[in-house]
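The values are calculated or read from the model by the stated rules, or taken from the named source; none is laboratory data. All values reported here derive from a predicted model rather than from experimental measurement. All Cβ positions, even for glycine, are placed from backbone atoms using ideal geometry, and neighbour counts span all protein chains on display. These area figures cover heavy atoms from the full protein model, side chains too; ligands, DNA and RNA do not enter into them. Shrake-Rupley method; radii C 1.70, N 1.55, O 1.52, S 1.80 Å.
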Amino acid sequence: MRKSAPAMLQYHKAAHLGKQRAQKAQMKLFDYTGFAMLTYTIKQSGEGSFEPVGEEELAAKMTRGEEAMLFICDKDGYAKAQSKPMPLAQGEEAFKKMVADGIPEFSGEIKTVS
């Protein structure tokens, strides 16, 4: 039982810090899309320990057919916040505004819960 206590403490610290970062991203994305929900707050490292999502706020988008979803993710692609599906033109417009406002674009694989 003693061996799991440090991992639990680390998990809770990572979850707390990650939640703060994700909530900040959620509020920022909300400004562009009118809706944003939290996605990832923590990520698991290779050693089985946990770390919070990164501080970086990168704009990402995913399109399916005539719909788009926007994300704010960290440098590893972990989505901290995501929009709901919206018409493609609306998503493209919001994404362009995010980038024009100085949010760097993420071009890798987005890790999201949906």
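Would you confirm whether any residue within segment 17-24 is open to solvent by 70 Å² or more (accessible area, probe 1.4 Å), of a type outside the set (Lys, Arg) and at pLDDT 95 or above? Break it down into steps so the answer makes sense when it comes.
The first filter runs over segment 17-24 and keeps only residues open to solvent by 70 Å² or more (accessible area, probe 1.4 Å), leaving 19-20, 23-24.
Now narrow it down to the ones that are of a type outside the set (Lys, Arg): 20, 23.
Filter again for at pLDDT 95 or above, leaving 20, 23.
Yes, segment 17-24 has at least one match.
Matching residues to (1) over 18 Å from Val113 (Cα atoms); (2) in a strand (DSSP E or B); (3) hydroxyl-bearing (Ser, Thr, Tyr):
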{"site": "Gln23", "(1), (2), (3)": "no, no, no"}
{"site": "Lys28", "(1), (2), (3)": "yes, no, no"}
{"site": "Glu47", "(1), (2), (3)": "yes, no, no"}
{"site": "Ala68", "(1), (2), (3)": "no, yes, no"}
{"site": "Gly91", "(1), (2), (3)": "yes, no, no"}
{"site": "Phe95", "(1), (2), (3)": "yes, no, no"}
{"site": "Met98", "(1), (2), (3)": "yes, no, no"}
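Among the residues that make up segment 58-73, is at least one of them touching a Pro at 6+ places or on another chain (Cβ under 6 Å) and either of a type in the set (Phe, Trp, Tyr) or more than 16 Å from Ala25 (Cβ to Cβ) (or both)? Among the residues of segment 58-73, at least one is touching a Pro at 6+ places or on another chain (Cβ under 6 Å) and either of a type in the set (Phe, Trp, Tyr) or more than 16 Å from Ala25 (Cβ to Cβ) (or both), which makes the answer yes. Report yes if some residue within segment 77-97 is of a type in the set (Lys, Arg), touching a residue at least 40 places away in the same chain (Cβ under 8 Å) and open to solvent by less than 50 Å² (accessible area, probe 1.4 Å); otherwise report no. Scanning segment 77-97 turns up at least one residue that is of a type in the set (Lys, Arg), touching a residue at least 40 places away in the same chain (Cβ under 8 Å) and open to solvent by less than 50 Å² (accessible area, probe 1.4 Å). Among residues that are under 13 Å from the mean Cα position of the chain (by Cα), crowded, with 19+ Cβ neighbours inside 10 Å and basic (Lys, Arg), Lys111 is not included. In segment 43-54, which residues are under 10 Å from the mean Cα position of the chain (by Cα) and crowded, with 20+ Cβ neighbours inside 10 Å? Of everything in segment 43-54, just one residue is under 10 Å from the mean Cα position of the chain (by Cα) and crowded, with 20+ Cβ neighbours inside 10 Å, namely Val53. Scanning segment 55-62 for any residue that is of a type in the set (A, V, I, L, M, F, W, C), open to solvent by 20 Å² or more (accessible area, probe 1.4 Å) and over 15 Å from the mean Cα position of the chain (by Cα) turns up nothing. Taken together, Val53, Val113 contain a single residue that is without any contact (Cβ under 8 Å) to a residue 60 or more places away in the chain and closer than 16 Å to Lys19 by Cβ, which is Val53. Exactly one residue out of Ile72, Ile103 is within 14 Å of the chain's Cα centre (by Cα), of a type in the set (Val, Ile, Thr) and outside any loop (DSSP other than H, G, I, E, B): that is Ile72.
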